[in-house]
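Worksheet: one structure, shown below.
The values are calculated or read from the model by the stated rules, or taken from the named source; none is laboratory data. All values reported here derive from a predicted model rather than from experimental measurement. When we count neighbours, we look across all protein chains shown, and the Cβ atoms used for this are built from the backbone with ideal geometry, even at glycine. For the accessible areas, the whole protein counts, side chains as well, though only heavy atoms, and no ligand, DNA or RNA atoms are used. Shrake-Rupley method; radii C 1.70, N 1.55, O 1.52, S 1.80 Å.
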Amino acid sequence: MNKIWIGSAWRLALVALAALLAWPVAGAVQALALALLLVLLMLLHHVRHLVRLSKWLADPLPEALPDGSGLWEDVFAAFYHLLRRQRRSESRLTATLQDFQRAGMAMPDGLVIVDGRNRIEWCNPRAELHFGLDAARDVGQQVTYLVRQPLIVEALDAQGYPDPLILRSARGGDLILSVLIMPYEANRKLIISRDVTDRERVETMRRDFVANVSHELRTPLTVIGGFLETIADMETPDPALIRRSVPMMSDQAKRMQTLVEDLLTLSRLESSGHPVRDDPVNVPDIARALYHDALALSAGRHKVTLLLESEAWVSGAEDELRSAFGNLVSNAVRYTPPGGEISLSWKDAGAGAVFAVRDTGIGIAPDHLPRLTERFYRVDRGRSRETGGTGLGLAIVKHVVNRHAAKLEVSSETGRGSCFSVVFPESQVVARPAHADARSA
Ligand code: ADP
């Protein structure tokens, strides 16, 4: 049976016993008056506790729970345990919610939760960055007023979009976002944004690259194709035409060959599976060989000099360095009008060393300098083509230089000439090997 029932029954029984004991001594009326008084005291006790309970219920803090006495002790204790249980489950729920929020905060993607009327309920820091929101200020605001992107507004109205939208962030800059809108629950939506700037940039570079290569191949192919068609259409071959066209076709074929070779070199350099070697490379020997190449390329049109002030070697891949330095030398010859000067040098520079090619050629205007090493970037397309350029030379140089932890420095002045220097840090410079000394002795 319930403890309160038993306790109350006991107390009433005691009241009855007291009245029975008082009866023979004090008479029936006094005994009944005593019983009534005791019952009234019991009632007062209950009312007092009821008042305390109702006061406490107005602000039910466990620490403010009054101490009960008698039967009320158990009632208040039960309240206390109930509250403790409730507190514990509340704090468990809060912790879970905070965990979810922390996970949302740490997400690399932006996340905005909007209600059925597109009002922001919650957003993480990445979304603040992507859409220029401020969680503290903007919760409860219409997301469409803050994110002024017509495509997002349209997608929200359409209750979500199956495919991600690709858009430029309205906050300016180069940020490109992929935004997915997912409806969930009754009319609520998740707006998930991802920064795809790098992916889009690579995609644009890939498209540009394919367009450039096709463009470079089109001219030689058109020339060769045109001649071949004309010859094929002739009933009797015209020896004069063949004599004229064969050298032209051969020039165009060579141009394509050079282009393909440069492309293969670039792709070899770019592929991560082809790490740079760390052989000791005899740069003075390369410089001497390139000096002779420059003389041959110039065919007496320029004054070519070689200044070897350092005997340092560098650690790296000889073929790559030879090809990079060769590109600089060939550019100097190609972009320096007859009568100009070209000087090759290899010098110590602090604890490192620098290979430089200086010319007194046409020079380059300052606004072109930052883009020179981009693939297919040319200041004067016609001049580059006329001299057999592919537009890939300096891109190759840049890759080789990077792979050798070196730096490419360019200084130039229009009409006065240019200087391309490859600066090797101390870490790349190695001592001339002993066997090389023995050979040269
Ligand atoms: P290209 O095959 O066209 O020479 P590069 O990548 O080697 O391609 O060079 C890119 C562009 O930089 C050239 O088209 C040219 O306009 C400019 N350039 C490179 N070297 C020189 C130089 N020594 N003097 C003037 N312009 C140069």
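Observations on the model:
- Filter result for the condition that a residue is touching a helix residue (DSSP H, G or I) at 6+ places or on another chain (Cβ under 7 Å) and in a strand (DSSP E or B), over L190, L167, L217: L167
- Note on region 328-427: enclosed strands (runs of 3 or more DSSP E) holding 2 or more residues that are buried (at least 19 other Cβ atoms within 10 Å of the Cβ) are 341-349, 352-359, 417-424.
- Residue, least open to solvent (accessible area, probe 1.4 Å), within region 280-318, restricted to residues that are closer than 24 Å to T336 by Cα and assigned to a strand (DSSP E or B): V304
- For A405, the conditions (1) on the phi > 0 side of the Ramachandran plot; (2) within 13 Å of the ligand (Cβ to nearest atom) all hold with the exception of (2).
- The numbered conditions (1) closer than 30 Å to R126 by Cα; (2) modelled with pLDDT under 90; (3) surrounded by 13 or more Cβ atoms within 10 Å (Cβ to Cβ) are all true for T219 except (1).
- Of the residues making up region 144-153, one or more are in contact with a Ser or Thr (Cβ under 8 Å, 6 or more places away or on another chain) and not polar (S, T, N, Q).
- Output for region 237-260, where each listed residue is loosely packed, with under 13 Cβ neighbours inside 10 Å and within 42 Å of the chain's Cα centre (by Cα): K254, Q257
- A77, sole failed condition from (1) in the same structural domain as L156 (by TED's automatic domain parsing); (2) in contact with a Gly (Cβ under 9 Å, 6 or more places away or on another chain): (1)
- Test: residue in region 227-236 that is surrounded by 14 or more Cβ atoms within 10 Å (Cβ to Cβ) and not aliphatic (A, V, I, L, M): yes
- Condition check for L295 on (1) under 24 Å from K407 (Cβ atoms); (2) away from the ligand (no atom under 16 Å from the Cβ): one failure, at (1).
- Criterion: part of a helix (DSSP H, G or I), of a type in the set (A, V, I, L, M) and modelled with pLDDT of 90 or more - qualifying residue of V210, V153: V210
- Checking each residue in region 308-325 for being closer than 23 Å to G393 by Cβ and away from the ligand (no atom under 11 Å from the Cβ) picks out V314, G316, A317, E318, D319, E320, L321, R322, S323, F325.
- Any chance A365 is in contact (Cβ under 8 Å) with a residue 40 or more places away in the chain, aliphatic (A, V, I, L, M) and either more than 9 Å from the ligand (Cβ to nearest atom) or at positive phi (or both): yes
- Check on E229, out of contact with any His (no Cβ under 7 Å at 6 or more places or on another chain) and not in a helix (DSSP H, G or I): no
- Cβ pairs under 7 Å, 6+ apart, first in region 327-339 and closer than 17 Å to R385 by Cβ, second more than 6 Å from the ligand (Cβ to nearest atom) and not polar (S, T, N, Q): N327/I396; N327/V397; S330/L297; V333/A294; V333/L297; V333/H302; V333/I342
- Qualifying residue in region 127-136 (condition: over 24 Å from the mean Cα position of the chain (by Cα), free of Cβ contacts under 8 Å to residues at least 24 places away in the same chain and assigned by TED's automatic domain parsing to the domain that holds L177): yes
- Yes/no for T373 being free of Cβ contacts under 8 Å to residues at least 60 places away in the same chain and near the ligand (Cβ under 9 Å from one of its atoms): yes
- Options G340, G388, G352: the member that is within 8 Å of the ligand (Cβ to nearest atom) and either under 30 Å from the mean Cα position of the chain (by Cα) or of a type outside the set (S, T, N, Q) (or both): G388
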